[in-house]
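Remarks on the structure that follows.
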Amino acid sequence: MNDPLVDHVAERFKAFAGRYITDRDDAFAYRLKIDHTLRVLAIAERLCRDAGLDAGLTQAARLAALLHDVGRFPQYQRYRTFRDAESANHAALSITHTLREGLLEDAPSPVRRLVLGAVYLHNKRFLPPLRSPALHTIARVLRDSDKLDIYSVMIAHFSQENPKHPEVALSVVDQPDRYTPAVLDTVLNRQHGDYQAIVYVNDFKLMVIGWLYDLNFGSSARMLQEKGYLDTLIDWLPQNEHVMRLRRQVHEDLARKAECA
Ligand SMILES: [Fe+2]
């Protein structure tokens, strides 16, 4: 996908993020976000291709993927956390710093507006009704791509015996046999999860499983199926009848979503 504007913004993003890596003690946190960003970009490209988006929408989606977490760098530097509730809305920070650094200065203003709109919306619990069909599309591509990559980050994190960097899972309580029944019910009811309800690491896994219900494209569901992320997460929960019901439901729902366009 040759696009000089995307290549240029990617270089500028890497230069911007690279400035934070010099902070040796926290290099891990910044690297996590750089790697995440580049994988989100790759996923967004696949979603755009699978959904048959035109060159203009694909360009905006790629730029939004590159810039969506720009705010994570100043957020971590200032507050030493990725928890927005304890620091600042990182999507708003992404916009402030994208503008301050001129990361999008070479983009035509309609593209800039679209990209900043999608960045702003990427971490909202719900996508509000949007008048612009283009923004609606880009925001949905970005939200799916972001979630799909966070699945892999979480699975890598939970695979470690003693995770070295608890901030990846927002530092919640690790009691392998405990979860909050209300969080499981939210997923079983196919409702949106709420970060505030999370107490245990297993709650976090449940909420991430529930993101299935937020996915917007059949292609996103197919990627989830290919990777087997949901089964892996469910394997790590206490195996009781409620969780078995969850597994059956998730299998059926994922298969149904994967058949959509
Ligand atoms: Fe983000």
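I'd like the full set of residues that are without any contact (Cβ under 8 Å) to a residue 24 or more places away in the chain and crowded, with 24+ Cβ neighbours inside 10 Å, limited to region 58-81.
GLN75
Considering each residue of region 103-139, count those that are within 18 Å of the chain's Cα centre (by Cα), closer than 14 Å to LEU66 by Cα and assigned to a loop (DSSP other than H, G, I, E, B), and give that number.
Summing the residues that are within 18 Å of the chain's Cα centre (by Cα), closer than 14 Å to LEU66 by Cα and assigned to a loop (DSSP other than H, G, I, E, B) in region 103-139 gives 1.
Name the residues in region 82-116 that are open to solvent by less than 20 Å² (accessible area, probe 1.4 Å) and more than 12 Å from the ligand (Cβ to nearest atom), would you?
THR98, GLY102, LEU103, LEU104, ALA107, VAL115, listed by residue number.
Name the single residue that is nearest to TYR30 (Cα to Cα) among those in region 124-149 being within 16 Å of the ligand (Cβ to nearest atom) and surrounded by fewer than 18 Cβ atoms within 10 Å (Cβ to Cβ).
LYS124
Look at ARG31 and say whether it is of a type outside the set (A, V, I, L, M, F, W, C) and in contact (Cβ under 8 Å) with a residue 40 or more places away in the chain.
So ARG31 does not fit the description; no.
Between HIS97, HIS136, HIS36, which is touching an Asp or Glu at 6+ places or on another chain (Cβ under 7 Å) and modelled with pLDDT of 95 or more?
After applying the criteria, what remains is HIS36.
Could you tell me whether any residue of region 241-260 is crowded, with 20+ Cβ neighbours inside 10 Å, within 28 Å of ASP84 (Cα to Cα) and modelled with pLDDT of 90 or more?
No, every residue in region 241-260 fails to be crowded, with 20+ Cβ neighbours inside 10 Å, within 28 Å of ASP84 (Cα to Cα) and modelled with pLDDT of 90 or more.
Filter region 192-217 down to the residues that are over 17 Å from the mean Cα position of the chain (by Cα) and open to solvent by less than 30 Å² (accessible area, probe 1.4 Å) and list them by number.
Answer for region 192-217, where residues must be over 17 Å from the mean Cα position of the chain (by Cα) and open to solvent by less than 30 Å² (accessible area, probe 1.4 Å): ILE198, VAL201, ASN202, ASP203.
Which of (1) more than 12 Å from the ligand (Cβ to nearest atom); (2) more than 22 Å from ASP194 (Cα to Cα) is the odd one out, the single condition LEU67 does not satisfy?
(1)
The values are calculated or read from the model by the stated rules, or taken from the named source; none is laboratory data. What you are looking at is a predicted structure, and each value in this text was computed from that prediction instead of being measured. Cβ: placed from backbone, ideal geometry, glycine included. Neighbour counts: every protein chain shown. Keep in mind that these areas ignore ligands, DNA and RNA; they rest on the heavy atoms of the full protein, side chains included. Shrake-Rupley method; radii C 1.70, N 1.55, O 1.52, S 1.80 Å.
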